[in-house]
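Following: one structure in structure tokens, then a few remarks.
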Amino acid sequence: MLALIGITLFAAIVNGGLGYGFSSITVPLALLFLSNRVLNPALVLIEVALNAWVLWVNRDALGVIWKRVLPIVIGLLPGVAVGTLVVTSVSPAWLKLWTYVVLLPLILVQAAGFRRPIRSERAIGLPFGLGLGVLYSVTTISGPPLAVLLNNQGLDKREFRAALGFIRLAESSFTAVAYFSAGLITMQSNLLIPQILPSVLVGVPIGAALVRRMRVETFRRICMSFDAWVVGFGASTVLRELRIVPGASAYLFLLSVIAIDVVLLYRFFSARARVDLAKPT
């Protein structure tokens, strides 16, 4: 219980700041002592309320982004249905591993400052939403791929958070209904909610206060850095879980990701410092 409180408090602070990250942090750590079938339903129910809050706080930007992200939301419906069938019968470990393998190079490229906006958002929206729905309903993780897409499209901070809130409220609501229909919401899962909820209520406002005065580019860079570390940790955990790499050696993968990201962070903040020094006072 103490471990779960500590994990979810930190995850809630990150989510309050970035608009996502609660599941991305909680799941890899909490799965060390809880099963997917117990943990996922509790997180999904909490995230319905959490994502509604993110969307409400950034509602001013909703009118700008809702048409752009609507194809993704539509694609979520069949994806969640497929993912719910998967979670009732198949271990999600391999799905998570392949997701991490695909995501990590995309995240690092974004972290290095390379972006090429997708012009045909409607065409990519439906298949992206389908894949996202499968991923979220199986693992309750969707923040990293969403952040990569939205960061690539150059949304400002409020648009980014509003888009995240809109899409993630839809996916968590659809998944909650699907889990209920499949009988996955049990008393054992519901008993986790009172243990997690206080951390969310305390952590989210702290994170929101910390991020208010942050620059847009710094905000984007921190999102990508956070994603890289979470994906590195998640991949290391799954490599160990599947016994592809034995024991603590699996976390050498995480250390290599951290080393690459630290170099990219140094380059970013060094360039930012030079720009600030060159500005006339």
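The values are calculated or read from the model by the stated rules, or taken from the named source; none is laboratory data. These numbers come from a predicted model, not from an experiment. Cβ coordinates were reconstructed from backbone atoms using ideal geometry, including for glycine residues, and neighbour counts include every protein chain displayed. Side chains included, ligands, DNA and RNA excluded: accessible areas come from the protein's heavy atoms. Shrake-Rupley method; radii C 1.70, N 1.55, O 1.52, S 1.80 Å.
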- Residue pairs meeting the criteria (Cβ under 8 Å; at least 6 apart or on separate chains; first of a type in the set (Ser, Thr, Tyr), in region 58-85; second open to solvent by less than 90 Å² (accessible area, probe 1.4 Å)): 84/137; 84/175; 84/178; 84/179; 84/182; 84/184
- Message: I'd like to know if region 120-131 contains one or more residues that are surrounded by fewer than 21 Cβ atoms within 10 Å (Cβ to Cβ), at pLDDT below 85 and of a type in the set (Val, Ile, Thr).
- Response: no
- Filter pass, residue 149 being at pLDDT 80 or above, in contact with a Pro (Cβ under 6 Å, 6 or more places away or on another chain) and open to solvent by 10 Å² or more (accessible area, probe 1.4 Å): no
- Is there any pair with a first residue in region 225-239 that is within 16 Å of residue 93 (Cβ to Cβ) and a second that is among the hydrophobic types (A, V, I, L, M, F, W, C) and open to solvent by less than 10 Å² (accessible area, probe 1.4 Å) whose Cβ atoms are under 6 Å apart and which are 6 or more apart or on different chains, and what are they? 236/250; 238/93; 239/250
- Message: Looking only at region 194-213, count every residue that is surrounded by 13 or more Cβ atoms within 10 Å (Cβ to Cβ) and either in contact with a Pro (Cβ under 7 Å, 6 or more places away or on another chain) or farther than 21 Å from residue 41 by Cα (or both) and tell me the total.
- Response: 7
- Item | Qualifying residues in region 226-267 (those that are under 13 Å from residue 96 (Cβ atoms) and not in a helix (DSSP H, G or I)) - the one most open to solvent (accessible area, probe 1.4 Å) | 244
- Listed residues 43, 50, 76; which is more than 22 Å from residue 191 (Cα to Cα) and either part of a helix (DSSP H, G or I) or not hydrophobic (A, V, I, L, M, F, W, C) (or both)? 76
- Output the number of residues of region 53-63 satisfying the condition of being open to solvent by 40 Å² or more (accessible area, probe 1.4 Å) and touching a helix residue (DSSP H, G or I) at 6+ places or on another chain (Cβ under 6 Å). 1
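Just to be sure before I move on: is residue 139 at pLDDT below 75 and buried (at least 23 other Cβ atoms within 10 Å of the Cβ) in the structure I sent? Show your work before the answer.
Working: at pLDDT below 75: no; buried (at least 23 other Cβ atoms within 10 Å of the Cβ): yes.
Judged against the criteria, residue 139 is not a match.
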